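The values are calculated or read from the model by the stated rules, or taken from the named source; none is laboratory data. Computed from a predicted structure; not experimentally measured. For neighbour counting, all protein chains shown are included, and Cβ atoms are generated from backbone atoms with ideal geometry for every residue, glycine included. Keep in mind that these areas ignore ligands, DNA and RNA; they rest on the heavy atoms of the full protein, side chains included. Shrake-Rupley method; radii C 1.70, N 1.55, O 1.52, S 1.80 Å.
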Amino acid sequence: MDRYAVVGHPISHSKSPQIHAAFARQTRQAMTYEALLAPLDGFATTVHAFRHALGRGMNVTVPFKLEAHDIATELTGRARSAGAVNTLVFGPQDTILGDNTDGAGLVRDVTNNLGYPLGDRRVLLLGAGGAARGTILPILGEHPACLVIANRTVARAEALVDQFASSLPAAPVTASPFGSLAGHKFDVVINATAASLTDQAPDLPPELYAPGALAYDMMYGKGDTPFLAAARRDGATGLADGLGMLVEQAAESFWLWRGVRPQTKPVLEALRAGRAP
Ligand code: ATR
C-alpha cells in the first residue's frame, strides 16, 4: 500500500481523507491516506518523518503552505507563482516536488462543473492574500478578457499585479480598490478574501454582476456565505461555494501522484448531500 497524508493544524475537520479514499476506491489504487496533525513548530519534522516511513506524497493545509513551499527541492510553475504549496511528491534521492493545485481546482470547478468558461470573460478576483495569489496564473491561463484584482488594501493588489506584469507583460490584469469597481460589470466574481471567516462580506459597490454572472466563494459551509447572500441580493445568477474547488484540487493532486484522474462528480454530490463519499 502506498501511503499519503494531509498535514495541517488543526486537521480533524479535513475532508481530504474521505475524498482521497473515495478516489482510491473508484480508480482501484492500492493506497492509504491519513490526516496528520503537525505541531505549529514541527511541520518539517512531521513531513520528513512521514517520508521516512515510506510516505509517497502529502497534501498541505493551513497554516503550512508557505513552509511547504520552502521545504520543496523543486517547484512547479504554478507553485512558484502562488508562492505556496498544497501538494508534495516525494521523489528519488530526497527530492521533494512542490505543486499547488488550488487554482487549477478552482478553474476546473468554475469551467467544468459549473459551466462558466473564463475565456474572453470579465473576471473579478476579490482579495490579495495567499488564497487569491494561488488562483491568478490558472485564471490567466484561461485567457479572460480581463482579470481585475480588488482588495480592501489596494497596495497589496497592486503588488500582486506588478509581480505578474514582470513575468507576463501582456496579461490583462489590473488592480483596483473596492470603491472604484462602481459602474463596472463582471461575468465571474470570485471571493478569495478571508471575510467569510468572520461572517462578513467584502464591502462592494452594487450592480457588479453582468447578466448571467457567477458569484463564487472559495469558502464553503452551510447555506450562503455573507458574500453569496450579498451577491444573490445584487442579482448574480449563479452562486457557488468552494466545496467543488476542494474536491477538484484533491483530484488534481491525486492525478499528480497516481497518474489517474478520478471522477469528481459523485464525490462532490455525496459531500453536498452530507453523505460519506
Ligand atoms: P489568505 O491566505 O486566506 O488569503 P491572508 O493572506 O491573510 O489570508 O489574506 C486575507 C485576505 O482577505 C486579504 O485580501 C484581506 O484584505 P486586506 O489585504 O485588506 O487585509 C482580505 N479580508 C479579510 N477580511 C476582510 C473583510 N472583512 N473585507 C474584505 N477583505 C477582507
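Mind checking the per residue accessible area of region 54-200 for me, 1.4 Å probe, whole number of Å²?
43 Å²
Tell me, what ³J(HN,Hα) does each residue in region 154-160 have, in order and in whole Hz, if you take phi through Karplus 6.51 cos²θ - 1.76 cosθ + 1.60 with θ = phi - 60° and put x for Gly and Pro?
Once θ is set to phi - 60°, the couplings for region 154-160 become 5, 4, 5, 5, 5, 5, 5 Hz.
Can you sort HIS52, HIS20 by solvent-accessible area, 1.4 Å probe, largest first? Walk me through the intermediate numbers first.
Details: HIS52 135, HIS20 0 Å².
Greatest to least solvent exposure: HIS52, HIS20.
To test your reading of the geometry: what angle, between 0 and 90 degrees and rounded to tens, separates the Cα axis of helix 130-140 from the longest principal axis of the chain?
80 degrees
Determine the calculated [θ] at 222 nm for the chain from helices alone, applying -39500 (n - 2.57) to every DSSP H run no shorter than 4 residues and normalising by the residue count; nearest 500 deg cm²/dmol.
Value at 222 nm, helices only, nearest 500: -10500 deg cm²/dmol.
What does the accessible area of ASP2 come to, in Å² to the nearest 10, when a probe of 1.4 Å is used?
The value for ASP2 is about 40 Å².
Near the amide H of ASP2, under 5 Å away, which other amide H atoms are found, from residues 5 or more places off or on another chain, if H is placed in the peptide plane?
Long-range HN contacts for ASP2: MET31, THR32.
Taking amide H atoms as placed 1.01 Å from N in the peptide plane, list the residues 5 or more away in sequence, or in a different chain, whose amide H sits under 5 Å from that of TYR116.
So TYR116 has HN proximity to THR111.
Dipole of region 103-241, Cα-centred, from +1 at each Lys and Arg C-beta and -1 at each Asp and Glu C-beta, to the nearest 20 debye?
Here the size comes out at about 40 debye.
How large is the dipole of the chain about the Cα centre if only Lys and Arg carry +1 and Asp and Glu carry -1, each at its Cβ, rounded to the nearest 20 debye?
Dipole magnitude for the chain comes out near 660 debye.
Need the list of lysines near LYS222 for cross-linking: C-alpha distance under 26 angstrom, and skip anything on the same chain fewer than eight residues off.
Filter leaves LYS15, LYS65, LYS265.
Highest mean first, how do 184-197, 124-137, 90-103 rank when packing is the count of other Cβ atoms within 10 Å averaged over residues?
The densest-packed peptide leads the list: 124-137, 184-197, 90-103.
How tilted is helix 43-52 with respect to the longest principal axis of the chain? Cα atoms for both, answer in degrees (0 to 90, nearest 10).
It works out to around 40 degrees.
Beta carbons within 10 angstrom, averaged per residue: use that to sort the peptides 25-36, 73-84, highest first.
Peptide ranking by packing, descending: 73-84, 25-36.
Take the Cα coordinates of region 190-254, assign each an equal point scatterer, and use the Debye formula without solvent to give log10 I(q)/I(0) at q = 0.15 Å⁻¹.
-0.46
If you roll a 1.4 angstrom probe over the protein chains with everything in place, what fraction of the accessible area of the chain belongs to carbon and sulfur, to the nearest %?
54 percent
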